[in-house]
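Enquirer: One structure is given below, represented as structure tokens, and several questions about it will come after.
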Amino acid sequence: MLDRLQPPIVLAPLAGGPSTPALVAAVCEAGAFGFLASGYLRPAALAEQLAELRSLTRRPFGVNLFIPAPRPADPATYAPYVEEIGRWAGARGLPVGEPWFDDDAYTEKLDLLIRDPAPVVSFTFGMPDAEAVGRLHDAGSEVWVTVTTPSEAAIAVAGGADALVLQGTEAGGHRGSFSDDDSRPGYSTLSLLQLLAGTPRPLVAAGGLMSGAGIAAALAAGARAAQLGTAFLLCPEAGTAAPHRAALRRGDVPTKVTRAFTGRAARGIVNEFMAEHDAAAVSAYPEIHHVTQPLRRQARADGDAAAINLWAGEAYALARELPAAELVRVLATELADAA
Ligand SMILES: Cc1cc2nc3c(=O)[nH]c(=O)nc-3n(C[C@H](O)[C@H](O)[C@H](O)COP(=O)(O)O)c2cc1C
């Protein structure tokens, strides 16, 4: 897939609303490669999105799956944090959910993608097992795996990944690391590319890439393509919520990696919820995600940017408000100028 990709630009999967079939189709029709995000979608909703996407484009596309956490977190570790969130939400009249554990219907979504294959299936938060990789290959899909360290890259190569998505610490949204462990080092996109230059698989660079010049830098350091997420959040085809768009447009507030919203490290624009809860937040995903989800949904509906996860990469101030196809064309022109 990557050999033929021109321009070498990949639209990242953007779970939680921004990913839409219209956005993916526009990117693919413009000659780049787009991912649908299946994270948080019920299997039936994924099937609907796949059907809609296929009605909009005949070009190849990818679907991203979250690898579920291996086991529930210990309730004793997150109970005080859940109480803190409950008090904060209660004072504002916002709803909270229960801290339950689930696998985000991983098996059902994987089965769906075996029955109804996509040209590429990418994984985040871990390495699919050998059986899943084998079934996807038999179905004709390439398997891409998101990695954030050299040791995760070695596991992905050994496990049969066809390409590695190297996600640097600059990236917006969740860290795609195999485990949410504080003791692990974080690597920037360029550091990862240089460290993994000898990898016997094509590399896709992700994190902080917002312009043709940034993409050119990644390609010069050995990437076969660049995966951009934040750059597409202001496209009209994206499902980005209005208060999230407004925060992206302001561009003057820094981003930070926090576990406050979901119990898993993720980068977003600093707001009141993050500032108040970052220090007490714990690693417990998806339990904390389920606790804050009703609160975030209500805040989005109210247009209240103070209480929602404003996922964005470090360089988000460079996001452009252009139709997706035009953004792909502008990036391709900038890339040609920079190369
Ligand atoms: C709103 C948002 C949602 C994201 N959702 C996903 C996802 O569902 N799966 C995934 O692998 N990565 C997801 N990411 C991370 C991207 O794949 C990618 O690593 C990141 O966007 C690259 O950095 P950038 O945002 O600076 O371009 C998301 C990022 C953002 C900003």
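Enquirer: Which order do the peptides 68-75, 216-223 take when ranked by the mean count of other beta-carbon atoms within 10 Å per residue, highest first?
Expert: So the order, starting with the most tightly packed, is 216-223, 68-75.
Enquirer: A further question on this structure: Per-residue ellipticity at 222 nm for the chain, helices alone: DSSP H runs ≥ 4 residues times -39500 (n - 2.57), over residue total, nearest 500 deg cm²/dmol?
Expert: Rounded to the nearest 500, the figure is -11500 deg cm²/dmol.
Enquirer: A further question on this structure: I'd like to know which of PRO80, LEU209, PRO185 lies farthest towards the positive end of the charge dipole of the chain, counting +1 on Cβ of Lys and Arg and -1 on Cβ of Asp and Glu.
Expert: Projecting each Cα onto the dipole axis, the largest value belongs to LEU209.
Enquirer: Okay, moving on. Report the charge-dipole magnitude of the chain in Debye, nearest 20, computed about the Cα centre from +1 at each Lys and Arg Cβ and -1 at each Asp and Glu Cβ.
Expert: 560 debye
Enquirer: I've got another one for you. Out of residues 5 or more away from GLU142 or on other chains, whose amide H comes under 5 Å of its own, with H placed 1.01 Å from N in the peptide plane?
Expert: Residues meeting the amide H criterion: VAL120, VAL121.
Enquirer: Here's something else I'd like to know. For Cα pairs less than 8 Å apart in space and 6+ apart in sequence, what is the mean separation divided by the residue count of the range 211-339, i.e. the relative contact order in percent?
Expert: Relative CO of the range 211-339 lands at 37 percent.
Enquirer: Amide H neighbours of GLY173 under 5 Å, at least 5 residues apart or on other chains, H built in the peptide plane: list them.
Expert: Answer set, sorted by chain and number: ARG267, ALA312.
Enquirer: Alpha carbon centre of the range 267-303 versus the range 61-75: separation in Å?
Expert: Taking the Cα centre of the range 61-75 as reference, the centre of the range 267-303 is 18 Å away.
Enquirer: Can you work out ³J(HN,Hα) from phi for every residue in the range 213-229, in order, using Karplus 6.51 cos²θ - 1.76 cosθ + 1.60 and θ = phi - 60°, giving whole Hz and x for Gly and Pro?
Expert: 5, x, 5, 4, 4, 5, 5, 5, 8, x, 6, 7, 7, 10, 9, 10, x
Enquirer: How much of the DSSP bridge set in the chain is antiparallel, in percent, rounded to the nearest 5?
Expert: DSSP beta bridges in the chain are roughly 20 percent antiparallel.
Enquirer: Take the Cα atoms of the chain, find their three principal axes, and give me the spread along each one in whole Å, biggest first.
Expert: Projected onto its principal axes, the Cα set of the chain covers 54, 43, 41 Å.
Enquirer: If you plug each phi of the range 313-320 into the Karplus form 6.51 cos²θ - 1.76 cosθ + 1.60 with θ = phi - 60°, what whole-Hz ³J(HN,Hα) values come out, in order, with x for Gly and Pro?
Expert: Karplus-based 3J(HN,Hα) across the range 313-320 equals x, 3, 9, 4, 4, 8, 5, 10 Hz.
Enquirer: Return the tail of the calculated pair distribution for the range 185-339, meaning the percent of Cα-Cα pairs more than 21 Å apart.
Expert: 52 percent
Enquirer: Let me ask another. Read phi for every residue in the range 293-302 and hand back ³J(HN,Hα) as whole Hz from Karplus 6.51 cos²θ - 1.76 cosθ + 1.60, θ = phi - 60°, with x for Gly and Pro.
Expert: Values, residue by residue: 4, x, 4, 5, 4, 5, 4, 4, 5, 7 Hz.
Rule-based calculations on the coordinates, nothing more; no lab input. Since the structure is predicted, the reported quantities are computational estimates derived from the model, not experimental observations. As a convention, Cβ positions derive from the backbone with ideal geometry for all residues, glycine included, and neighbour counts pool all protein chains shown.
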